[in-house]
Amino acid sequence: MRESHYRLEILAFLPCSPPEMSKLVVINLGSGDLLHGFPQVTAQTWGAGSSFSEQVAGSLPPAPGLVELYRYWQSIYRCLCDRQSLRSSALLEEDTALEIDEAGITNVSQANFEQVCAQFCVDLNAWLTSRGFLRIERQMRSQLHITEEIQVIIETNDEQVRQLPWHCWDFFQDYPKAEMALSRVEYKCRKLSPIRASREKVRILAILGNSAGIDLESESRFLRGLADADTEFLVNPSRQDFNHRLWDERGWDILFFAGHSQSEGQTGRIYINEKAINNSLTIEQLEESLKAAIDNGLKLAIFNSCDGLGLANALGKLHIPGIIVMREPVPNLVAQEFFRHFLTAFGSQHFSLYLSVRQARRKLQGLEDDFPGASWLPVICQNPAAETMLWEEWCVPSNQSTVPGQLHQITRFRRAARSLRVILLCSAIASVAIMGVRYLGALQPWELQAFDQLTRLRPEEPQDDRLLIVAITENDLQLPEQEQRKGSLSDLALEKLLAKLIPLKPQAIGLDIYHDFPVNASQPNLASYLRSYKNFFAVCKASDSANDRNGGRGISPFPGIPKERQGLSDVVVDPDGILRRHLLAIKPSPASLCTVPYAFSAQMAFHYLKTDGIPISYTAQGNLQLGQVVLQRLQNHSGAYQRIDPGGYQIRLNYRRTQSDIAQVVTLQDVFAGRINPEDVKNRIVLIGVTAPSVNDYFDTSYSTERMPGVVLQAHMVSQLISAVKDGRSLLEPWQPWEEALWILGWAIVGGALAWRYRSPITLVLMAGMAIGVLYVLCLHLLVQGKWVPLVPAVLSLMMTGSSVVIYFRILKV
């Protein structure tokens, strides 16, 4: 009798009904608990737009098994969460509130957890279909329709009942627009300050607290993306800062907290900063400032953190209208995804609070392969005496006619919103079209030419002092030592060259000249050098080109040189004849005269790095790794390359832009005459090759407008590998496909925004030119950092979207 009288007093505080097309059901469990049952349960239903309710009474029997089942479910859940990045405090690990039998849960698995979840749902529904409660459910179903939005509030002060997974009740499966919330038995309606007439945006106070081990950037980005919200961020605030902002007389609509938290009995604790001391607060320590915020219009508190039922309980005593918390420790990704889905539904699609939470919670089920139980975590805690929460009611004044100019402002806002939709639609269409054309390879020639231009504009770098090039010029071909030469270098000249270089202790000597014939018998010293000197490397060719001199089988290696000191001279040129790729290894044809797997440049670099103790290995993904540097294999449909043969092991060639040559160059005559400093040879890689134009060992590159000698090209390749490991010099890599798609879409939106903002053709052309200039500079800057990002597709998307928006707004006169 006393309980009923109290209930009637509470109902006097219900001044408002649910919004149109929704119904409210409040189930009051009264006194009792799961061990002894609930002898007096009442359920009241308010219809859409009605201030009157219908009430039915019932009861629920004892259910001690649910208590034990919840404790077991919680034990397994927390064990499965041990390896996740959680938003609970480290103190949670020391929490002894749960007496978990460690020996009983050592072999938990996701399958075990799913079985416990299923059993929990079965037992909960068995309890809710007991005779005493069945009358309530039947009455509810007779008054409700499956197409209606239904808000179900469970009133109870029993903490064990609040922890039950009420969303598993079969009622919520049968009513797709129904969602539940928890409430304390005692509540009242606080008199809130009216929304100020000048407020057109939802005011959000976002507290980003202690983020050790978790990432809060996603929530920040979601909040900043809300067009009709005014969000103020407090990052790692002090208690004084937090308290001061809550007292803001302009009022807040939403209080958002992300970071670490935990429940402590009937209350909760949030960790507001990363200080060693005074880094946490309980709700009681903020009680007065929170009351002031509620009185000034605070309607919703969102705690995207762990174990929040204690926080909800403490806040409920202050009679805040609504709270969203996570009932258990929550993995970082789950918290981010829930907030993203909720904010999209509530703030952008303008669903009700209940439908927004239901939709976001259901979408979490897709994460449960990696995060079991994710969809069980979010829960609403509602003050039944407060108004139902709708986003649009917070940012548009209800009495528009009394505010001068308000209708004009709303009209402008709606026009801007329509324009934004047009811009986004045109941007999306243009981006998809351009990415499709790009995928087919139609933009590849333009992108490669743009890359060449950017390459030539990069800042100059110093010469690589680890290399020395011995160039054989036209004059060197006429030296007396070259009288009996076959090819570009006679055995006598090679013998004399090695005799001069080896005593100067180079790190390695590489001969970039074909020598597929035996050593002349008249030069025994040369054969001795090649046999005893382990740092000499030579080239061969595995090419199957029909134009080479052995009928497509390549060119044999230097006779007598072991395979580990041979390297391929083969290169891969792009369809326009420019060499932009670095071939590291291939699988030669069995018919080839050269069966070496690695390129000459790779062999030289490997030798140099191994001498310095740097390991050469392959990753589990099959990528070559030099020390800590992983060489990502070039793939088809990767960056600007969309129609190429990525056979072998290819990477992009990042030329070294120097004022003169990439390395110091001396001629054969210089070496023979002793015009060479020993320090220029010691511990360096010496590359010997021909630069005489008559030999025609030249290549077209993006590095220079002039053709580059093969030995200089080899120097660039060797330098690229060694510099990446020893100096941290960037390798050329494209962005991930999704990053490139966002980049292209972003510049498409820029083009659309410019076309919408600037209606004068001259001004529009000037602004578009400035935007393309900024884009060009950004691409150059990123290229210097080693990132080859789309320039041509971004320019085309900007121009295409801008043209589309111009057509829409001018030609169609809208």
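The values are calculated or read from the model by the stated rules, or taken from the named source; none is laboratory data. Predicted model, so just to flag it, every value in this text is computed and none were measured. Cβ sites come from the backbone with ideal geometry, for glycine too, and all protein chains shown count toward neighbours. Areas reflect the complete protein model, heavy atoms only, side chains present, ligands, DNA and RNA absent. Shrake-Rupley method; radii C 1.70, N 1.55, O 1.52, S 1.80 Å.
Take the conditions open to solvent by less than 50 Å² (accessible area, probe 1.4 Å) and either out of contact with any helix residue (DSSP H, G or I) (no Cβ under 9 Å at 6 or more places or on another chain) or outside any strand (DSSP E or B) (or both) and apply them to ILE662. Does it pass? Please lay out each step first, then the result.
On the way: open to solvent by less than 50 Å² (accessible area, probe 1.4 Å): yes; either out of contact with any helix residue (DSSP H, G or I) (no Cβ under 9 Å at 6 or more places or on another chain) or outside any strand (DSSP E or B) (or both): yes.
Yes; evaluated as a whole, the condition is true for this residue.
Select from the range 24-42 the residues that are outside any strand (DSSP E or B) and of a type outside the set (S, T, N, Q) and write down the one among them that is nearest to LEU66 (Cα to Cα). First the steps, then the outcome.
Filtering the range 24-42 down to residues outside any strand (DSSP E or B) leaves 29-32, 34-36.
Restricting the remaining residues to those that are of a type outside the set (S, T, N, Q) gives 29-30, 32, 34-36.
Values: LEU29: 16, GLY30: 19, GLY32: 15, LEU34: 8, LEU35: 9, HIS36: 12 Å.
So the residue we want is LEU34.
Here is a list: LEU35, LEU14. Which entry is modelled with pLDDT of 75 or more, within 49 Å of the chain's Cα centre (by Cα) and hydrophobic (A, V, I, L, M, F, W, C)? So that I can check it myself, show each step before the final result.
Details: LEU14 fails: modelled with pLDDT of 75 or more.
The conditions single out LEU35.
Tell me, yes or no, whether the range 91-104 has at least one residue that is open to solvent by less than 50 Å² (accessible area, probe 1.4 Å), in a loop (DSSP other than H, G, I, E, B), out of contact with any Phe, Trp or Tyr (no Cβ under 9 Å at 6 or more places or on another chain) and modelled with pLDDT under 60.
yes
Can you pull out every residue in the range 215-241 that is within 23 Å of the chain's Cα centre (by Cα) and either of a type in the set (A, V, I, L, M) or in a helix (DSSP H, G or I) (or both)?
Selection gives LEU216, GLU217, SER218, GLU219, SER220, ARG221, PHE222, LEU223, ARG224, LEU226, ALA227, VAL235.
Residue check: is GLU274 open to solvent by 70 Å² or more (accessible area, probe 1.4 Å), acidic (Asp, Glu) and modelled with pLDDT under 85? Walk me through how you get there before you give the answer.
Working: open to solvent by 70 Å² or more (accessible area, probe 1.4 Å): yes; acidic (Asp, Glu): yes; modelled with pLDDT under 85: yes.
So GLU274 passes the test.
Given the conditions (1) at pLDDT 85 or above; (2) part of a helix (DSSP H, G or I); (3) not aromatic (Phe, Trp, Tyr), which single one is not true for ARG531?
Only one criterion is unmet by ARG531, namely (1).
Search the range 720-775 for residues being open to solvent by 30 Å² or more (accessible area, probe 1.4 Å) and among the acidic types (Asp, Glu), and hand back the single one that is farthest from ASP465 (Cα to Cα).
GLU739
Test SER261 against the stated conditions and say whether it is of a type in the set (Gly, Ala, Ser), part of a helix (DSSP H, G or I), open to solvent by less than 10 Å² (accessible area, probe 1.4 Å) and in contact (Cβ under 8 Å) with a residue 24 or more places away in the chain.
Values: of a type in the set (Gly, Ala, Ser): yes; part of a helix (DSSP H, G or I): no; open to solvent by less than 10 Å² (accessible area, probe 1.4 Å): yes; in contact (Cβ under 8 Å) with a residue 24 or more places away in the chain: yes.
Spelling it out, it is not the case that SER261 is of a type in the set (Gly, Ala, Ser), part of a helix (DSSP H, G or I), open to solvent by less than 10 Å² (accessible area, probe 1.4 Å) and in contact (Cβ under 8 Å) with a residue 24 or more places away in the chain.
Conditions: (1) open to solvent by 30 Å² or more (accessible area, probe 1.4 Å); (2) assigned to a helix (DSSP H, G or I); (3) at pLDDT 90 or above. SER59 meets all but one. Number of the miss?
Checking SER59 against (1) open to solvent by 30 Å² or more (accessible area, probe 1.4 Å); (2) assigned to a helix (DSSP H, G or I); (3) at pLDDT 90 or above, the one that fails is (2).
Just give me the residues in the range 564-619 being of a type in the set (S, T, N, Q), open to solvent by less than 10 Å² (accessible area, probe 1.4 Å) and part of a loop (DSSP other than H, G, I, E, B), in sequence order. Even if it seems obvious, please write down each step before you answer.
Narrowing the range 564-619 to residues of a type in the set (S, T, N, Q): 566, 569, 589, 592, 595, 601, 603, 611, 617, 619.
Within this subset, residues satisfying the condition of being open to solvent by less than 10 Å² (accessible area, probe 1.4 Å) are 601.
Those that are of a type in the set (S, T, N, Q), open to solvent by less than 10 Å² (accessible area, probe 1.4 Å) and part of a loop (DSSP other than H, G, I, E, B): none in the range 564-619.
Say whether the condition of being under 24 Å from ASN654 (Cβ atoms), modelled with pLDDT of 95 or more and part of a helix (DSSP H, G or I) is met by at least one residue in the range 795-810. Lay out the reasoning, then the answer.
Filtering the range 795-810 down to residues under 24 Å from ASN654 (Cβ atoms) leaves 795.
Among the residues that remain, those that are also modelled with pLDDT of 95 or more are: 795.
Restricting the remaining residues to those that are part of a helix (DSSP H, G or I) gives 795.
Taking every residue of the range 795-810 in turn, at least one turns out to be under 24 Å from ASN654 (Cβ atoms), modelled with pLDDT of 95 or more and part of a helix (DSSP H, G or I).
Looking at this structure, is LEU634 modelled with pLDDT of 90 or more, open to solvent by less than 40 Å² (accessible area, probe 1.4 Å), at negative phi and part of a loop (DSSP other than H, G, I, E, B)?
Details: modelled with pLDDT of 90 or more: yes; open to solvent by less than 40 Å² (accessible area, probe 1.4 Å): yes; at negative phi: yes; part of a loop (DSSP other than H, G, I, E, B): yes.
So LEU634 passes the test.
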